[in-house]
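Trainee: Supplied in structure tokens, the structure appears directly below.
No lab work stands behind these numbers, since they all come straight from the coordinates. Remember, predicted model here, so these are calculated numbers, not experimental data. No Cβ is skipped: glycine too gets one built from the backbone with ideal geometry, and neighbour counts run over all protein chains shown.
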Amino acid sequence: MISKILIGSLILFPLLVTHIDAADAPSLQKATFAGGCFWCMEPPFEKLNGVKDVVSGYTGGATVNPTYEEVSGGGTGHLESIEITYDPTKVSYEKLLDVFWRQINPTDAGGSFVDRGSSYRSAIFYHTEEQKRLAEASKNKLQQSDRFDKPIVTEIRAAGPFYRAEDYHQDYWKKSPVRYKFYRYNSGRDQYIEKVWGKDEAMKSSNAVAGAFVKPSRDELKKKLTPMQFKVSQENGTEPPFNNEYVNNHKEGIYVDIVSGEPLFSSLDKYESGTGWPSFTRPLEPGNIIEKKDRSWFSVRTEVRSREGDSHLGHVFNDGPKPTGLRYCMNSAALRFIAKENLLKEGYGRYLKLFEK
């Protein structure tokens, strides 16, 4: 997947989920669904009355205790999934199925929305024969409704071992709401849900996110950003030349907005300008860039800002190398670099193809 940010520096290997629920509370039951990115599958179920717990993890394959990198690589047979613990006296399995179908594109056999590959396919993993019967009935009913113009390919399979994903994946929508919102909007999931089920359903599914990004308040940004990052991105400042984080960065990867996370530049377009600031010949996503006339400093320059984050990034000049002849002179403090090897886990997996040899 277009794909996940590391919270802190500690990555815990996933363990087989064996927590309490069924043993300590015999009335509770489990439901297991796969619908692509598990970040996006958690919120709709966690908000349901009667749902006690939603865990992101991996199931359906043969590899024991798989890691995120192994599963997303497609070699384990596992699917990104969620395991729901619920009270059937408060919420029925039929209700869970109804919510599930409204989160996915059940006609897509190659993945889910922007996330491609076998590990992102949709599936229902039943725990009892009754769950199997209900799942098959709901699938047949949906197919006969003519809501979709293609056959439903979502599998219905017996549940097997479920392995809890790394801690940084759990409740990602709560831990990293800004990057979650940006990822979700750009994944195409909500646009599809709105097209098939209507705007109200899309709003409910996305946790009432009406757009790609809601900029934090000025006070929140002061707490989140370093003084230099705040000065540059929010107060149109300029960091010292040569003494900044990315001027000498030669690693492969992309540069995103420090506030919104929107993709801005690629290392493939970075070059040594000799100016003391990271310079690029072109933006990675031109639609994420806004250019404005800047009449400060007794001259007319072209300021560059991010579209969603509205961060001041730097300026663009007409003295760059071929093929564009442009020099996007950026401040490191307004950017965050994501190395090629981290693109998938940070939610920018669609850019991996840029670095294929």
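Trainee: What FRET efficiency would be calculated for the residue pair R301, L268, taking the C-beta separation as r and a Förster radius of 22 Å, to the nearest 0.05? Can you show the working numbers first?
Mentor: Values: r = 26 Å, r/R0 = 1.16.
According to the calculation, E is roughly 0.30.
Trainee: Show which lysines lie in cross-link reach of K139 when reach means a straight Cα distance below 28 angstrom and same-chain residues fewer than eight apart are skipped.
Mentor: Reachable lysines: K30, K47, K52, K90, K95, K150, K195, K199, K204.
Trainee: Sorting check: for 278-291, 109-122, 312-325, which peptide has the highest mean count of neighbouring beta carbons within 10 Å, and how do the rest follow?
Mentor: With the highest mean Cβ count within 10 Å placed first, the list reads 109-122, 278-291, 312-325.
Trainee: Which listed residue (Y348, L313, L96) has the Cα farthest towards the positive end of the charge dipole for the chain, taking +1 on Lys and Arg C-beta and -1 on Asp and Glu C-beta about the Cα centre?
Mentor: Value: L313.
Trainee: Also, I was wondering about something else. Can you work out the Karplus-derived ³J(HN,Hα) for every residue in segment 233-238? Use 6.51 cos²θ - 1.76 cosθ + 1.60 with θ = phi - 60°, whole Hz, and x for glycine or proline.
Mentor: 6, 9, 10, 6, x, 9
Trainee: Using the Cα centre as the reference, give the magnitude of the dipole from point charges on the C-beta atoms of the chain (Lys, Arg: +1; Asp, Glu: -1; all else neutral), rounded to the nearest 20 debye.
Mentor: Working: 49 positive and 47 negative charges, 156 e Å.
With only Lys, Arg, Asp and Glu charged at Cβ, the dipole is about 740 debye.
Trainee: Ok, one more. Enumerate the amide H contacts of T302 below 5 Å, restricted to partners 5 or more residues apart or on another chain; note that Pro and chain-start residues carry no placed amide H.
Mentor: D294, V316
Trainee: Here's something else I'd like to know. Can you tell me which lysines have their Cα less than 16 Å from the Cα of K222? Leave out same-chain residues fewer than eight positions away.
Mentor: Counting by Cα, and skipping residues close in sequence, K222 has these lysines nearby: K231.
Trainee: Project the alpha carbons of segment 271-357 onto their principal axes and report the range along each, largest first, in whole Å.
Mentor: 44, 28, 22
Trainee: What are the residues whose amide H is under 5 Å from the amide H of L335, where those residues sit 5 or more places off or on another chain and H is modelled from the backbone?
Mentor: Residues meeting the amide H criterion: I258.
Trainee: Once you list every other residue whose beta carbon is under 10 Å from the beta carbon of F182, what net charge do they have if Lys and Arg are +1 and Asp and Glu are -1?
Mentor: So the environment of F182 carries a net charge of 0.
Trainee: Next question, about the same structure. Among N244, G73, A159, whose Cα projects farthest towards the positive end of the dipole of the chain, with charges put on the beta-carbon of Lys, Arg (+1) and Asp, Glu (-1)?
Mentor: Looking along the dipole axis, the top candidate is N244.
Trainee: Fewest to most neighbouring Cβ within 10 Å: what's the order for L97, L264?
Mentor: With the fewest neighbours first, L97, L264 line up as L97, L264.
Trainee: Ok, one more. Which of H169, H250 comes first, and how do the rest follow, when ranked by fewest Cβ neighbours within 10 Å? Intermediate results must be reported in sequence, preceding the final value.
Mentor: On the way: H169 23, H250 8.
Ranked by crowding around the Cβ, least crowded first: H250, H169.
Trainee: Cα to Cα, under 20 Å, and not fewer than 8 places away if on the same chain: which lysines meet these conditions relative to K224?
Mentor: K4, K174, K175, K181, K215
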